[in-house]
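Below is one structure; the comments refer to it alone.
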Amino acid sequence: MDEWIEITAKTVEEAVIEASLQLQISSDNLEYEIVEEQKKGLLGMFGKEVKIRAKCKGTVENIAKAFLSRVLKCMEIEADLDASYDEEKNTIDITINGEDMGILIGKRGQTLDSLQYLVSLVVNKESANYIKVKLDTENYRERRKETLENLAVNISKKVKRTRKPVSLEPMNPYERRIIHSALQNDKFVETHSEGEEPYRKVVITLKKGVYTRNNRNNKNGRNNNYKKNYEKKDYKKKFRESYKKSYQNITFDDIYDNKSNNKTSDN
């Protein structure tokens, strides 16, 4: 990164210290040039201060931290930066430590994702191989991962119960991968992504041909609505009405005569 900052101080040593603080790197990782020499005034008074321009030496950690330091300064946020670069995996993990980091996280991590994207552009500007950047604060990434995994499980239960697909809200690629991973071993549901960025979303659907407890009555062609249709018909009421209609005109004499006839036939 070839961006320089200019520092004015009474001495070169003080200017170097100030530049190191602003870029959040050690003086060993600082590259600087003296722009204006210190000049003493008459009788040691009204002298001119020294001016230097400085930048960090070109390591991945220093480049990322220097860029973020300037961004945070513009946002008037005081925070410390920790960066760790893994050469084998070609990844860099950056943690921002400070108070009230909610403003850096933003709604559902959107601000943090934007900062991460900008850092990725900066560190990959002159890199031969792509470097994956992970930016985090207040352990937000891990907390968000747990939330998404719980969401995936709950939505999968809903899909199994209703047998209808469910579309989640648009997510970035990192969060979509969490949903896919959480349900990849589920025997009953499957996931896929639909749409274009930044509105691409995950859809959870029931796998074809699966059998769940909620669709047991559909097995072998059984009609789920048979019982409901049967219950809707008031057979008992109709039977009572027909019974009353058949016997409401019978008198006591008819019953007595019927009994007498039965006795005569027995004799």
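What follows draws every value from the coordinates through simple rules; no lab data is involved. Here the structure is a predicted model, which means the values were calculated and not measured. Cβ atoms come from the backbone with ideal geometry, glycine included; neighbour counts cover every protein chain shown.
Computed FRET efficiency, Cβ-Cβ of His192 and Glu6, R0 51 Å: what is it to the nearest 0.05? After rounding to 0.05, the efficiency reads 0.45.
Place the peptides 121-131, 142-152 in order of packing, highest mean first, counting for every residue the other Cβ atoms within 10 Å and averaging per peptide.
Working: 121-131: 13.0, 142-152: 14.9.
Per-residue Cβ counts within 10 Å, averaged per peptide and sorted highest first, yield 142-152, 121-131.
Along the stretch 90-95 the Karplus relation, 6.51 cos²θ - 1.76 cosθ + 1.60 evaluated at θ = phi - 60°, assigns HN-Hα couplings of 6, 10, 10, 9, 10, 10 Hz to successive residues, with x for each Gly and Pro.
Derived scalar couplings between HN and Hα for the stretch 48-53 equal 9, 6, 7, 10, 10, 10 Hz in order, rounded to whole Hz, by the Karplus curve 6.51 cos²θ - 1.76 cosθ + 1.60 (θ = phi - 60°), x for Gly and Pro.
Multiplying the residue separation of Asn124 and Tyr174 by 0.36 nm and removing their Cα-Cα distance gives an extension gain of 16.1 nm. Per-residue Cβ neighbour counts within 10 Å put Met101, Met75, Met171 in the sequence Met75, Met101, Met171, beginning with the fewest.
Charge tally around Asn129: other residues with Cβ under 15 Å, Lys/Arg +1 each, Asp/Glu -1 each, net -1.
For an R0 of 25 angstrom, estimate the FRET efficiency from the Cβ-Cβ distance between Thr205 and Asn150 and round to the nearest 0.05. After rounding to 0.05, the efficiency reads 0.80. Using the structure shown, select from Lys164/Lys187; Lys157/Lys201; Lys145/Lys207; Lys134/Lys158; Lys134/Lys157 the pairs with a Cα to Cα distance greater than 23 angstrom. Those over the limit are Lys145/Lys207; Lys134/Lys158; Lys134/Lys157. Averaging the sequence gap over all C-alpha pairs within less than 8 Å and six or more residues apart, then dividing by the number of residues, gives the stretch 74-190 a relative contact order of 20 percent.
Sorting 105-112, 163-170 by their mean Cβ neighbour count within 10 Å, with the most densely packed peptide first, gives 105-112, 163-170.
Contour minus end-to-end for Lys164 and Ser181, with contour as 0.36 nm per residue of separation and end-to-end as the Cα-Cα distance?
Stretched out fully, the Lys164 to Ser181 stretch lengthens by 4.1 nm.
Sort out for me the Cα centre separation of the stretch 108-141 from the stretch 64-85, rounded to whole Å. One Cα centre to the other: 12 Å.
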